[in-house]
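Novice: Please find one structure pasted underneath; my questions will follow.
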């Protein structure tokens, strides 16, 4: 449905939504493996976009909490270093002690049906294209 009437904002939203559908697919697969997801913790540059976070929460249907530290690499490195230095027994314990949450973005239930329909189309498209993902690129 892309037409000349669509502008850069529409394309950006399409990228956001497509990526969010990919994330939901991963969450669905985790659920099938017995690892249900009731919330997400996010950090990094993408957390600066309120629209992006809201789309992620709406598509996934779970709340997304933000960390107080936006630099995920530094925080993860500090957690690993703390475990390596013996300050914590394991990564889970270190993470629980060192990660602080600031705000939480709740999913908008009014948008659930719209995003469920979009996700259904995403899955159909993904299944149709899956054989192409296996083909080696010949450059």
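Novice: Take the chain, connect every pair of alpha-carbon atoms lying under 10 Å apart with a spring to form a Gaussian network, then pick out the residue of 53, 27, 66 with the largest mean-square fluctuation.
Specialist: Of 53, 27, 66, the most mobile in the Gaussian network model is 27.
Novice: Now, a different point. Give the shape of the stretch 1-80 as rounded, prolate or oblate, defined through the alpha-carbon gyration tensor: a ≥ b ≥ c are the square roots of its eigenvalues, a/c under 1.5 means rounded, and otherwise the shape is prolate if a/b is larger than b/c and oblate if not.
Specialist: Oblate, since a/c reaches 1.5 and b/c is not below a/b.
Novice: Another question about this same structure. Roughly how many nanometres apart are two label points built 7 Å out from the Cα toward the Cβ at residue 98 and residue 124?
Specialist: Inter-label distance under the simple model: 4.6 nm.
Novice: With a/c under 1.5 counting as rounded, go ahead and sort the stretch 53-124 into rounded, prolate or oblate using the C-alpha gyration tensor (a ≥ b ≥ c being the square roots of the eigenvalues; past the cut-off, prolate if a/b is larger than b/c, else oblate).
Specialist: prolate
Novice: Could I ask something else about it? Give me Rg/Rg_expected for the chain, where Rg uses Cα atoms only and Rg_expected = 2.2 N^0.38 Å with N residues.
Specialist: In units of the globular-protein estimate, the chain measures up at 1.27.
We did not get these values from a lab; they are worked out from the coordinates using the rules stated. Computed from a prediction, not measured in an experiment: that's the story for all the values here. All Cβ positions, even for glycine, are placed from backbone atoms using ideal geometry, and neighbour counts span all protein chains on display.
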